[in-house]
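Before any comments, here is the structure.
The values are calculated or read from the model by the stated rules, or taken from the named source; none is laboratory data. Computed from a prediction, not measured in an experiment: that's the story for all the values here. Cβ placement follows ideal geometry from the backbone for every residue including glycine, while neighbour counts extend to all protein chains displayed. To get the accessible areas, we keep the full protein, side chains included, count just its heavy atoms, and leave off ligands, DNA and RNA. Shrake-Rupley method; radii C 1.70, N 1.55, O 1.52, S 1.80 Å.
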Amino acid sequence: MRRFFVVWLLLLGSAWAVADETINVMFYNVENLFDTVDDPEKEDEEYLPSSARRWTQNRFQEKISNICRVIAAADPENAPEIIGMAEVENDSVIDYLTRRSPLRNIGYDYVVTNSPDKRGIDVALLYKRSYFRLLSTESLRVDLSPMSSSPTRDILHVTGKVATGDTVDILVCHWPSRSTGVERTEPLRVRAAHVAAGRISEIINQRRKPYVILMGDLNEGPDERAVRTGLNAAPKSLGANSVDSELVTLMDDMPDGSYRYNGEWDKYDQFVVSASFLNGLGCLEITDARICRFGFLLQEDKTYGGQKPFRAYNGYRYQGGYSDHLPIVLDISY
């Protein structure tokens with residue numbers, strides 16, 4: 001199976017520039033994509049060859065291979081044109097993924113943040129040059145003081161043009177964790193939402209036709225405070241009747257989530273978009289949004305029953321899986 005999808009990617013490389021009337025956008029929290037080199041300025045000791053996890057070059061390469069397989073499965077005909085990622089350590093791991101794995105034949109360029117996060121994890125955007133012409137990039141700093149002494153990830157804002165000539169603004173997010181308690185950490189996510197909302201407001205005022213995609217691991221469900229009031233995002237059901245400048249969530253009606261904790265699925269991985277994609281008044285239209293529940297990404301949950309994401313580690317025992325999150329994909333037609 002692994003040899004098959006590598007051959008598939010090699011063959012795809014010769015046809016990746018063929019015109020298509022659909023843009024596939026993917027977001028994936030890849031969970032701890034670290035290199036094997038110690039960064040003395042970051043707390044990355046857990047992912048080194050000498051650590052308890054024994055994070056070796058072979059395991060890093062298997063992680064890269066697994067990510068390639070997920071990308072291949074997300075769009076079997078053409079591979080996603082735009083991919084947002086969370087939990088990548090630095091520029092070097094994304095360079096390895098796009099230049100030294102089978103993905104090199106597809107022709108992805110990329111942008112990575114350099115956040116103050118203590119562990120060094122960041123967000124990134126991969127894009128095919130023939131579908132998305134990069135215009136600008138910026139990192140939006142989320143200042144959590146005085147609420148927290150732990151810095152969080154920057155928000156990546158990327159602007160580009162697509163085949164129709166329209167400008168699309170993409171924000172890739174990884175909002176603060178819930179690990180120290182939901183109530184205690186909710187204000188941190190609201191702060192991150194306000195930073196994103198402020199930039200989106202500026203974008204909407206600048207664009208004649210605003211096309212905005214916010215994607216990421218928000219550590220919040222579509223109905224929670226940071227999304228509904230922080231972003232002021234309306235439910236998906238209202239999208240067709242909303243004006244271009246309004247934001248709409250896309251994961252409301254999903255039957256399951258992309259992240260599982262204590263036997264319960266949550267919809268923390270989200271797309272939030274401007275209603276211009278949904279109200280039928282523009283050239284770009286979102287036709288589908290989905291959670292990728294591929295069988296190879298899941299394993300039996302022996303504690304709570306059912307299935308859960310198949311991770312690289314079960315505790316500290318290496319099992320060669322993928323991530324604790326499932327990827328999400330949306331289709332944009334033009």
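Tabulated data
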| item | result |
| --- | --- |
| Carbon + sulfur, % of accessible area of region 71-221 - ligands and nucleic acids excluded, 1.4 Å | 44 |
| Gain upon complete extension [Ser245, Leu281; 0.36 nm per residue less C-alpha separation] | 11.7 nm |
| Whole-percent carbon and sulfur share, accessible surface of region 264-327, 1.4 Å | 45 |
| Region 55-96: C-alpha gyration tensor shape, a/c 1.5 cut-off, then a/b vs b/c | oblate |
| Rounded accessible area of Glu186 (nearest 10 Å², 1.4 Å probe) | 50 |
| Region 188-233 - convex hull of alpha carbons, volume per residue in Å³ | 65 |
| Ser130, Ser149, ranked by accessible area, largest first (probe 1.4 Å) | Ser149, Ser130 |
| Mean Cα-pair separation over length for the chain, i.e. relative contact order, pairs under 8 Å, 6 or more apart, % | 17 |
| Largest-first ellipsoid semi-axes for the chain, taking √(5λ) over the Cα gyration tensor eigenvalues, angstrom | 28, 25, 20 |
| Whole-number accessible area per residue in Å² for the chain, which is evaluated in the context of all protein chains at 1.4 Å | 42 |
| List Arg59, Arg53, ordered by accessible area with a 1.4 Å probe, largest first | Arg59, Arg53 |
| Area projected by the alpha carbon convex hull of region 104-154, averaged over all directions, nm² | 4.4 |
| Helix-derived mean residue ellipticity, 222 nm - over the chain, DSSP H n ≥ 4, -39500 (n - 2.57), to 500 | -6500 deg cm²/dmol |
| Accessible area (Å², 1.4 Å probe, nearest 10) - Arg290 | 70 |
| All aspartates and glutamates inside 13 Å of Lys128 as judged from Cα atoms, apart from same-chain residues fewer than 8 positions distant | Asp20, Glu81, Asp109 |
| Candidate aspartates and glutamates - alpha carbon under 12 Å from Lys161, same-chain residues fewer than 8 apart omitted | Asp169 |
| Reachable aspartates and glutamates, given that their alpha-carbon falls under 14 Å from the alpha-carbon of Lys302 and they are not under 8 places away in the same chain | Glu264 |
| Proportion of all alpha-carbon pairs of region 233-332 beyond 24 Å (%) | 35 |
| Using θ = phi - 60° and Karplus 6.51 cos²θ - 1.76 cosθ + 1.60, couplings along region 68-84 (whole Hz; Gly, Pro as x) | 4, 5, 5, 4, 4, 6, 5, 8, x, 8, 9, 6, x, 6, 9, 9, x |
| Assigned charges on the beta-carbon of Lys, Arg, Asp, Glu; the chain dipole about Cα centre (debye) | 520 |
| Arg133 - accessible surface, heavy atoms, 1.4 Å probe, Å² rounded to 10 | 130 |
| Distance between modelled label sites at Lys302 and Glu41, nm, 7 Å Cα→Cβ extension | 4.3 |
